[in-house]
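The values are calculated or read from the model by the stated rules, or taken from the named source; none is laboratory data. These numbers were taken from a predicted model, which means no experiment stands behind them. Here Cβ is always computed from backbone atoms with ideal geometry, including for glycine, and neighbour counts include all displayed protein chains.
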Amino acid sequence: MTTMNHPLPSSGKGAPPWAIAKLYPTQGYWSENEFLDLSERTNRIVEMVDGCVEVLDLPNLKHQEIIGFLYQWLRDFIRPDQLGKVVVAAYPLRLNARQFREPDVLFVLTEHLSWFGEKFATGADLVIEVVSDDRVHDLETKRSEYEQAGIPEYWIVDPRDRRITVLQLVDQTYKVAGEYGEGGRATSVVLPGFALDVSTAFSET
């Protein structure tokens, strides 16, 4: 474990226990194994970018309900013909040696099931993010990261605008395969036949 010495503020009554931070690597120096060990030991959603750990806010009830609906809808579609496997956060997706994200929903086709490991996935065919209060994180940051990682399809589910955007990787760049508002049906490219009624998705919350 790599650490650096920095003076710590007082940890008196009413203050955070700063000394506990010395038990962990400093930001920018987290290794893959150290991150995975933390991920297994906490009930929070944690991600790693360039050796820095990010602790995400816990999703609110509406966010969780949408995730649950998306997971169940996709699971019911793929199960009869064993088209693949779907999981929800918190389960890390390794984008590179210094970067892990935890998509709200992660899907892998049957022929790529070897990407699933006990601790994390090494790839995905489709990831879905429900837009949180930090809109830039899902609309821009993760879009860029998933694009660079070569993930073929990325769904952005936006409860505020009640819209689903489907992005398809074309020549290593995400292109909008479809934008669907209420009354529309969002459809997948990598999973032919999979379609989701947008109004139903948001009315379930």
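What residue, among those in region 94-120 that are aliphatic (A, V, I, L, M) and either farther than 28 Å from residue 62 by Cβ or at pLDDT below 95 (or both), is surrounded by the most Cβ atoms within 10 Å (Cβ to Cβ)? If you could, list the steps in order and put the result at the bottom.
Residues of region 94-120 that are aliphatic (A, V, I, L, M), as a first pass: 95, 97, 105-106, 108-109, 113.
The next check asks that each one be either farther than 28 Å from residue 62 by Cβ or at pLDDT below 95 (or both); those that pass are 95, 97, 109, 113.
Details: 95: 22, 97: 10, 109: 17, 113: 11.
The selected residue is 95.
Pairs please, first residue from region 117-130 and in contact (Cβ under 8 Å) with a residue 60 or more places away in the chain and under 20 Å from residue 36 (Cα atoms), second anywhere and of a type in the set (Lys, Arg) and outside any loop (DSSP other than H, G, I, E, B), Cβ atoms under 8 Å, 6+ apart in sequence or on different chains.
Matching pairs, first to second residue: 120/94.
Being farther than 13 Å from residue 148 by Cα, in contact with a helix residue (DSSP H, G or I) (Cβ under 9 Å, 6 or more places away or on another chain) and surrounded by fewer than 19 Cβ atoms within 10 Å (Cβ to Cβ) is the filter here, so list the residues in region 167-190 that pass it.
181, 182, 183, 184, 185, listed by residue number.
Show me the strands (runs of 3 or more DSSP E) found entirely inside region 53-137 where at least 3 residues are of a type outside the set (S, T, N, Q).
Numbers: elements: 84-88, 93-96, 99-101, 105-109, 126-130.
Hits in region 53-137: 84-88, 93-96, 105-109, 126-130.
In region 80-89, how many are crowded, with 17+ Cβ neighbours inside 10 Å and touching a helix residue (DSSP H, G or I) at 6+ places or on another chain (Cβ under 7 Å)? Working first, answer last.
Quick first cut of region 80-89, residues crowded, with 17+ Cβ neighbours inside 10 Å only: 83-89.
The next check asks that each one be touching a helix residue (DSSP H, G or I) at 6+ places or on another chain (Cβ under 7 Å); those that pass are 83-86, 88.
Selection size over region 80-89: 5.
Show the residue pairs that are 6+ apart or on different chains and have beta-carbon atoms under 7 Å apart, the first residue being within region 46-64 and on the phi > 0 side of the Ramachandran plot and in contact (Cβ under 8 Å) with a residue 40 or more places away in the chain, the second being in a loop (DSSP other than H, G, I, E, B) and hydrophobic (A, V, I, L, M, F, W, C).
51/30
Can you tell me which of (1) touching a Pro at 6+ places or on another chain (Cβ under 9 Å); (2) at pLDDT below 80; (3) not basic (Lys, Arg) is the one residue 91 doesn't meet?
Here residue 91 clears every test but (2).
Please pick out the residue among 196, 169, 191 that is in contact with a strand residue (DSSP E or B) (Cβ under 6 Å, 6 or more places away or on another chain) and among the aliphatic types (A, V, I, L, M).
Values: 169 fails: in contact with a strand residue (DSSP E or B) (Cβ under 6 Å, 6 or more places away or on another chain); 191 fails: in contact with a strand residue (DSSP E or B) (Cβ under 6 Å, 6 or more places away or on another chain).
Of the residues listed, the single one that is in contact with a strand residue (DSSP E or B) (Cβ under 6 Å, 6 or more places away or on another chain) and among the aliphatic types (A, V, I, L, M) is 196.
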